[in-house]
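A short reminder: the numbers here are calculations on the coordinates, not readings from a lab. Model, not experiment: these values are computed from the prediction. Reconstructed Cβ throughout: ideal geometry from the backbone, glycine too, with neighbour counts over all protein chains shown.
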Ligand code: ADP
């Protein structure tokens, strides 16, 4: 639809701009980091200078982490869709998240056994899911449950920009703080964040939405303050032919001359 196209163009422009700024800003940060390193070395054991320059260094490192994420966002690679077993992907991810999100967060995967295969870019899907899981963790500082689930759905009439057809509906649900209506309204805007500087880039949901739409699917957010948040991703199921004959493996790269 026109709105989706406009959103995609806007995202691309934002991405290019972000990439340019991130690149220039990173050069500034490298100068700050280099200078502060020299000052620390010359200061010997002047305690106050060591402490203050340590603070400056830490701030510059936080800036570096922001520019790194912005660059990753602007260099969004082409989507390379392959046929995926989403059940296996989610159960694998459940294990990784259970081990990395911290003991106060319970991670569940709820996947029926006979899901149809999915057609999507595996690497980018994993990045999106990890970003959404990180948001869920941030929303549950006191602990809670993160649930990953998937089900097959058939869309009969065009809705949410989805063409009629077969989809997999992936849901990432948390029992966290939820969002107020005004945060919810803006949550998927690029660069919208409520997190402190250095912790949020405001790109997680924008990227998730761009990924879903670019894959021929859609994203929706439901959230209630004090109850939690559910992010829904509809992604196209692989057609029978695609599932039977996965796309050819690209030819190996030519050896370096
Ligand atoms: P970031 O996480 O860097 O802030 P996002 O685009 O991923 O960027 O999220 C934008 C904002 O939406 C967050 O700052 C937060 O306020 C809100 N948000 C996102 N996910 C959740 C969630 N699971 N629970 C509560 N609020 C959320």
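Taking the chain, how much of its Cα-Cα pair set, in percent, is spaced more than 34 angstrom apart?
Numbers: 9274 of 32896 pairs.
When every Cα pair of the chain is considered, 28 percent fall beyond 34 Å.
Report the extension gain between residue 49 and residue 151 in nm, rounded to one decimal, defined as 0.36 nm multiplied by the number of residues separating them, less their alpha carbon distance.
Stretched fully, the residue 49-residue 151 segment lengthens by 30.9 nm.
Among 127-138, 27-38, 89-100, 43-54, how do they line up by average Cβ neighbours within 10 Å per residue, starting with the highest? Could the numbers behind the result be given before it?
Details: 127-138: 20.7, 27-38: 13.7, 89-100: 15.7, 43-54: 11.7.
The densest-packed peptide leads the list: 127-138, 89-100, 27-38, 43-54.
Comparing 194, 145, 175, which has the greatest mean-square fluctuation in the GNM of the chain with Cα pairs linked when under 10 Å apart?
With Cα springs under 10 Å in the chain, the top fluctuation among 194, 145, 175 is at 194.
Quick one: give the max-minus-min coordinate of the C-alpha atoms of the range 87-168 along each principal axis, largest first, in Å.
Principal extents (Cα only, largest first): 42, 25, 22 Å.
How far apart, in nm, are two points set 7 Å out from the Cα along the Cα-to-Cβ line at residue 186 and at residue 227?
2.4
Projected area of the range 139-205, taken from the Cα convex hull and averaged over every viewing direction, in nm²? Present the calculation step by step, with values, prior to reporting the outcome.
Details: hull surface 24.2 nm².
One quarter of the hull surface, i.e. the mean projection, equals 6.1 nm².
Which order, highest average first, do 159-165, 227-233, 216-222 follow once you tally other Cβ atoms within 10 Å for each residue and take the mean per peptide?
Values: 159-165: 13.7, 227-233: 21.1, 216-222: 18.7.
The peptides rank, most packed first, as 227-233, 216-222, 159-165.
Please quote Rg/Rh for the range 84-233 to two decimal places, taking the Kirkwood radius as Rh and restricting both calculations to Cα atoms. Show your work: numbers first, answer last.
Values: Rg = 15.0 Å, Rh = 15.8 Å.
Rg divided by Rh gives 0.95.
So for 211, 25, fewest C-beta neighbours within 10 Å to most, what's the order? If you can, show how the numbers build up before the last one.
Numbers: 211 23, 25 16.
Least to most surrounded, the residues fall as 25, 211.
Helix 122-138 against the longest principal axis of the chain: what's the angle in degrees, Cα atoms only, rounded to the nearest 10?
Between the helix axis and the principal axis of the chain, the angle is about 60 degrees.
Relative to the longest principal axis of the C-alpha atoms of the chain, give the angle of the C-alpha long axis of helix 204-214, reported between 0 and 90° and rounded to the nearest 10°.
40
Taking the Cα atoms only, what angle lies between the long axis of helix 2-42 and the longest principal axis of the chain, rounded to 10 degrees?
Helix 2-42 sits at roughly 30 degrees to that axis.
With n ≥ 4 as the cut-off for DSSP H runs, can you work out [θ] at 222 nm for the chain, using -39500 (n - 2.57) per run divided by the number of residues, rounded to the nearest 500?
Numbers: 7 runs with 123 residues, N = 257.
Here the helix-only value at 222 nm equals -16000 deg cm²/dmol.
For 69, 104, what's the fewest-to-most ordering of other Cβ within 10 Å of each Cβ? Kindly include the intermediate steps, with their values, before the conclusion.
Working: 69 19, 104 11.
Starting with the residue having the fewest Cβ neighbours, the order is 104, 69.
I'd like the distance separating the alpha-carbon centroids of the range 118-191 and the range 85-107, in whole Å.
Their Cα centres are 15 Å away from one another.
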